[in-house]
1. Here is a check on your reading of the model: is residue 107 assigned to a helix (DSSP H, G or I) and in the same structural domain as residue 46 (by TED's automatic domain parsing)?
2. Go through the range 75-90 and count every residue that is in a loop (DSSP other than H, G, I, E, B) and surrounded by fewer than 18 Cβ atoms within 10 Å (Cβ to Cβ).
3. Looking only at the range 119-135, decide whether some residue is in contact with a helix residue (DSSP H, G or I) (Cβ under 6 Å, 6 or more places away or on another chain), surrounded by 14 or more Cβ atoms within 10 Å (Cβ to Cβ) and of a type outside the set (Phe, Trp, Tyr).
4. Inside the range 152-161, can you point out the residues that are among the hydroxyl-bearing types (Ser, Thr, Tyr) and surrounded by fewer than 16 Cβ atoms within 10 Å (Cβ to Cβ)?
5. Count, please, the residues in the range 27-58 that happen to be surrounded by fewer than 14 Cβ atoms within 10 Å (Cβ to Cβ) and not in a loop (DSSP other than H, G, I, E, B).
6. Does residue 142 qualify as being at negative phi and surrounded by fewer than 18 Cβ atoms within 10 Å (Cβ to Cβ)?
7. What single numbered condition from (1) more than 25 Å from residue 51 (Cα to Cα); (2) surrounded by 13 or more Cβ atoms within 10 Å (Cβ to Cβ) fails to hold for residue 149?
8. Go through (1) modelled with pLDDT of 95 or more; (2) closer than 21 Å to residue 155 by Cβ and name the single condition residue 29 misses.
Amino acid sequence: MNKYIKYILLLSTILIINGCSVKYGFTGAGKIDAKTFQVNYFQNNANLIEPGIERTFTLALQDIIQNQTNLNLTNTEGELFYDGEIVDYNFSPMSATADQKAAQTRLTVGVNVRFVNKNKEVDNFEKRFSFYYDYTGTDQLVGSKLSVALDEIFTRITQDIFNESLAKW
């Protein structure tokens, strides 16, 4: 009798695990009814232009989708389609010192995204995503410091886009 109980428990556990794994993954993405995705090149249409960020952002968005799903990247006819542009890139002082200099400065990047799911049109959206990076006002945000700032900003924006389009959070 004990042998049968162990068998039933083992079988039940396997069924529960398999049932859950079909619907949910470790990334938070639900069941995705697509095999391919396409990310068009995001043009930089911001008033202040930082060369190269459009390529960096496009690659970051492709990377997060590839790393958190088993979808295949394609250049044309993707079932999931991402398109948009960088619409904001600006610096603003956040606080001042006694001698009227910026004690802290904020870099903000905004991206307008159009998402199309060819298999489920109800999921389609156009939305703006943005994030910021604060740094000491006396620093120059160039070179590796700029790379660190953009990495942090793009990590947050791409995760928000992923969540909105695939994870449904």
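1. Numbers: assigned to a helix (DSSP H, G or I): no; in the same structural domain as residue 46 (by TED's automatic domain parsing): yes.
Answer is no for this residue.
2. Residues of the range 75-90 in a loop (DSSP other than H, G, I, E, B): 75-79.
Keeping just the survivors that are surrounded by fewer than 18 Cβ atoms within 10 Å (Cβ to Cβ) gives 75-77.
Residues meeting the conditions: 3.
3. Taking the range 119-135 first, the residues in contact with a helix residue (DSSP H, G or I) (Cβ under 6 Å, 6 or more places away or on another chain) are 129, 131, 133.
Subsequent filtering for residues that are surrounded by 14 or more Cβ atoms within 10 Å (Cβ to Cβ) retains 129, 131, 133.
Narrowing the set further to residues that are of a type outside the set (Phe, Trp, Tyr) leaves none.
No, every residue in the range 119-135 fails to be in contact with a helix residue (DSSP H, G or I) (Cβ under 6 Å, 6 or more places away or on another chain), surrounded by 14 or more Cβ atoms within 10 Å (Cβ to Cβ) and of a type outside the set (Phe, Trp, Tyr).
4. Just the residues of the range 152-161 that are among the hydroxyl-bearing types (Ser, Thr, Tyr), to begin with: 155, 158.
155, the sole residue that qualifies.
5. 2
6. Values: at negative phi: yes; surrounded by fewer than 18 Cβ atoms within 10 Å (Cβ to Cβ): yes.
Against the criterion (at negative phi and surrounded by fewer than 18 Cβ atoms within 10 Å (Cβ to Cβ)), residue 142 qualifies.
7. In the conditions (1) more than 25 Å from residue 51 (Cα to Cα); (2) surrounded by 13 or more Cβ atoms within 10 Å (Cβ to Cβ), residue 149 misses (1) alone.
8. (1)
The values are calculated or read from the model by the stated rules, or taken from the named source; none is laboratory data. Treat the numbers as computed from the prediction; the structure is a model and nothing was measured. Methodologically, a virtual Cβ is constructed for each residue, glycine included, from the backbone with ideal geometry; neighbour enumeration extends over all protein chains shown.
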